[in-house]
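The numbers here are math on the coordinates, done by the rules we state, and not lab data. Computed from a predicted structure; not experimentally measured. Heads up, the Cβs are rebuilt from the backbone with ideal geometry, glycines too, and the neighbour counts pull from every protein chain shown.
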Amino acid sequence: MNKINNYEELVLERKRLETVLAYHRSVIDGEVREIKQKLEPLANVVSFFSPSKDPSQNNKLLQAGTNLGIEIFVRQKLLSKAGWLTKLVLPYILKKVSSRAIEKVQAIRK
């Protein structure tokens, strides 16, 4: 950059800088577009597994996952040496508590 001596040179420098800026913006836009195209399959997978817009469907999926987790972790691991009554009652209570907690969280999110 040379020393600017008058107004005309200032205007010319401003126009030059604006064209350089426009060029770099177009390059960046092209790169962003290319990155978006490369990430589109990943975005499709994420949107497939993301929670649905229907809260009742969301609620059912969360409850099913929670119930499965309680069944596997609590009944088979934590209560492996407990009596049959404890194995029967405690998972039932935990499932009810977790389903109510999920419903309350869903209600708060609305």
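Taking a straight Cα-Cα cut-off under 17 Å and skipping sequence neighbours fewer than 8 places away in the same chain, the lysines within cross-link reach of Lys87 are Lys77, Lys95, Lys96.
Given that compact globular proteins tend to follow 2.2 N^0.38 Å, what is the ratio of the alpha-carbon Rg of the chain to that value?
2.28
Take the Cβ atoms of Tyr92 and Val45, set R0 to 25 Å, and the FRET efficiency comes out at 0.10.
If each DSSP helix of 4+ residues adds -39,500 (n - 2.57) and the sum is divided by the residues in the chain, what number results at 222 nm, nearest 500 deg cm²/dmol? Don't skip to the end; give the middle numbers.
Numbers: 3 runs with 84 residues, N = 110.
For the chain, the value works out to -27500 deg cm²/dmol.
Given R0 = 30 Å, the distance between the Cβ atoms of Gln106 and Leu85 translates into a calculated FRET efficiency of 0.40.
Taking the Cα centre as origin and putting +1 on Lys and Arg beta-carbons and -1 on Asp and Glu beta-carbons, what dipole magnitude results for the chain, to the nearest 20 debye?
On the way: 20 positive and 11 negative charges, 216 e Å.
Dipole of the chain, to the nearest 20 debye: 1040 debye.
Name the residue farthest towards the positive end of the dipole of the chain from the options Gln63, Val45, Tyr23, assuming +1 on Cβ of Lys and Arg, -1 on Cβ of Asp and Glu, about the Cα centre. So the residue we want is Gln63. Residue separation of Tyr7 and Lys36 scaled by 0.36 nm, minus their Cα-Cα distance, works out to 6.2 nm of gained length. Springs join every pair of Cα atoms under 10 Å in this Gaussian network model of the chain, and among Leu79, Leu68, Leu12 the largest mean-square fluctuation is at Leu12.
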